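What follows is one structure encoded as structure tokens, with my remarks underneath.
Please treat every number below as a calculation from the coordinates, not as lab data. What you are looking at is a predicted structure, and each value in this text was computed from that prediction instead of being measured. Cβ coordinates were reconstructed from backbone atoms using ideal geometry, including for glycine residues, and neighbour counts include every protein chain displayed.
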Amino acid sequence: DAGVIQSPRHEVTEMGQEVTLRCKPISGHDYLFWYRQTMMRGLELLIYFNNNVPIDDSGMPEDRFSAKMPNASFSTLKIQPSEPRDSAVYFCASKVAGPPVQYFGPGTRLTVT
Amino acid sequence: AQKVTQAQTEISVVEKEDVTLDCVYETRDTTYYLFWYKQPPSGELVFLIRRNSFDEQNEISGRYSWNFQKSTSSFNFTITASQVVDSAVYFCALSVASGGSYIPTFGRGTSLIVHP
């Protein structure tokens, strides 16, 4: 079975540009999570969805960040406008309902210059 | 609120040494789940193990073993006869039912460096 798929794997952009990160969760998983990982702050939960509905976006750092999940097999995380401090690795993860394991995608390494 | 503490920021060992990674957690829930993930230099987060709060049996998988002790709120991870391929950042996580969502709380991670 395919795991969580993220694209692009690497993104380099200039400050002020719009960035869109994409995620395809594992088929049949009810929950989708977006995380950001930096050396300073570790692994931070940004937002999560249940059955395509955003449940908790309290981790989204600013209004510049937005996330959508138009259907069960696709989600986007958008940063507009991007800033250098947004440089990080962004992970998408998914799981089924209940306490099972979160499965992570390979991550997108974002560099904003 | 839940909390996971991995006090060891970085551990450096020589190949074939045994190494233990510590994880201490805090929760008021009586039902919870504990996890370990591995993040090798390639960057992906790989699930290693899950334990629930009702099962304190230690687990062994090859060179890996986990010691869960509710009395000390710890879930430590031991690698026996470490190898260079074990070099990675290891994360401990805690998950409790929060409206049924079981959102995990991650520790800051322990970077393990195994020298040849």
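Can you give the average number of partner chain beta-carbon atoms within 10 Å of each beta-carbon in peptide A:35-44, as a whole number?
3
Within 10 Å of each Cβ in B:42-54, how many Cβ atoms from other chains are there, averaged over the peptide?
3
What average number of partner chain Cβ atoms lie no more than 10 Å from the Cβ of the residues making up B:106-114?
Going residue by residue through B:106-114 and averaging, the value is 2.
Taking every Cα atom in chain A, find the radius of gyration and the maximum pairwise distance Dmax, and write them in Å.
Rg and Dmax of chain A, Cα atoms, are 13.2, 40 Å.
Assuming 0.36 nm per residue, please report the length gained on full extension of the stretch residue B:60 to residue B:78 beyond their Cα-Cα distance.
5.5 nm
Hand me the GluC sites (Glu not before Pro) from region A:1-87 located in a DSSP loop with no more than 13 other Cβ atoms within 10 Å, in residue order please.
Sparse-neighbourhood loop GluC sites (Glu not before Pro): A:14, A:18, A:62.
Sort all Cα-Cα distances of chain B into consecutive 10 angstrom bins from zero, then give the percent of pairs in each bin up to the one containing the longest distance.
Result returned by the calculation: 14, 47, 30, 8, 1.
For the protein assembly as shown, state what percent of all Cα-Cα pairs lands in each successive 10 Å bin, counting from 0 Å until the bin that includes the largest distance.
8, 32, 34, 21, 5, 0
Wrap a convex hull around the Cα atoms of region B:30-87, take a quarter of its surface area, and give that in square nanometres.
That works out to 4.5 nm².
For residue B:3, list the lysines whose Cα falls under 24 Å from its own Cα; do not include residues on the same chain fewer than 8 positions away.
Partners within reach: A:95, B:38, B:70.
What stretch of chain A, leaving out the sites themselves, is the longest with no trypsin sites (Lys or Arg not before Pro) in a DSSP loop having at most 16 other Cβ atoms within 10 Å?
A:65-113
Given region B:50-116, what whole percent of its Cα pairs are spread farther than 14 Å?
Above the 14 Å cut-off, region B:50-116 has 67 percent of its Cα pairs.
When the dipole is taken about the Cα centre of the protein assembly as shown, and only Lys, Arg (+1) and Asp, Glu (-1) are charged at their Cβ, what size is it in debye, to the nearest 20?
220 debye
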